[in-house]
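Please treat every number below as a calculation from the coordinates, not as lab data. Quick caveat, the model's predicted, so the values are computed rather than measured. All Cβ positions, even for glycine, are placed from backbone atoms using ideal geometry, and neighbour counts span all protein chains on display.
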Amino acid sequence: MSGDPALDLAATVGYRRTEPVDLLKGPADLERWVNACDGLPAEVAADLASFDAAVTLREAVYRLALARTRGDPFDPADVEVVNTTANGPALALELVDGGMRITGGIRAALAHVARGGITVLAAAPTPSAVSQSAAAPAPSSPPADSSSSNATPPAAPIKECARPDCTRLYLDRSRGARRTWCGMSECGNRVKAAAYRARRRAAG
Ligand SMILES: [Zn+2]
């Protein structure tokens, strides 16, 4: 949903600044989350220690990603958590007829999530870099066909959902980075419906 497993993990807490809703209450919830996540093993067993490690990773990723949306410096303690977790065991990939089988324990799954988080956090531009590229004058030459262009697309910025109180972070891979909501069904449509009702009240 957020475009990255590490940000998806951070998004397992919603409404962080008002009334937090935590979807991971214990190891069983973590197991379900890992099993449902693309690129992670379909079956893992989590104990309390690995659950604590997952929550620690989640909160570190959240704070680092939030810092990136605001142009704030990274907290070294959070950087340490991500780097240490990423240094864990690797998942095993196996080619099978009709796809790929991904296996490994919960620590390998968390290490994989942390490594993905490193990739995203390292590449995400700061807000000032995003606004600069948005304000840059359009090229005078016609836009090159992206399939024949060698230019690498700019790294996707991390954004916070624009719905008040949602607080979810996501990777904006949309063209021109114009995405506003963490998800259209959950937040975009509700904000639009609320705005519509407000306009009707104002008109009537
Ligand atoms: Zn949202």
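Rg and Dmax of the stretch 68-108, both derived from C-alpha coordinates alone, stand at 16.1, 47 Å. For the stretch 194-201, backbone phi angles converted through the Karplus equation (6.51, -1.76, 1.60; θ = phi - 60°) give residue-by-residue couplings of 5, 5, 5, 5, 5, 5, 5, 5 Hz, Gly and Pro being listed as x.
Taking 0.36 nm per residue of sequence separation and removing the Cα-Cα distance, the Val96/Glu19 pair yields an extension gain of 23.3 nm. One compactness figure for the chain is 1.17, namely its Cα radius of gyration divided by 2.2 N^0.38 Å. The string of couplings for the stretch 175-184 from the Karplus curve (6.51, -1.76, 1.60, θ = phi - 60°) is 4, x, 6, 10, 6, 10, 10, 5, x, 5 Hz, one whole number per residue in order, with x for Gly and Pro. Local charge for Ala67 was computed over the other residues whose Cβ lies under 11 Å away, with Lys and Arg +1 and Asp and Glu -1, and equals 0. In this structure, Thr126 and Glu59 have a Cβ-Cβ separation that, at R0 = 22 Å, corresponds to a calculated FRET efficiency of about 0.55.
If you take the Cα centroid of the stretch 83-112 and the Cα centroid of the stretch 20-65, the two points sit 15 Å apart.
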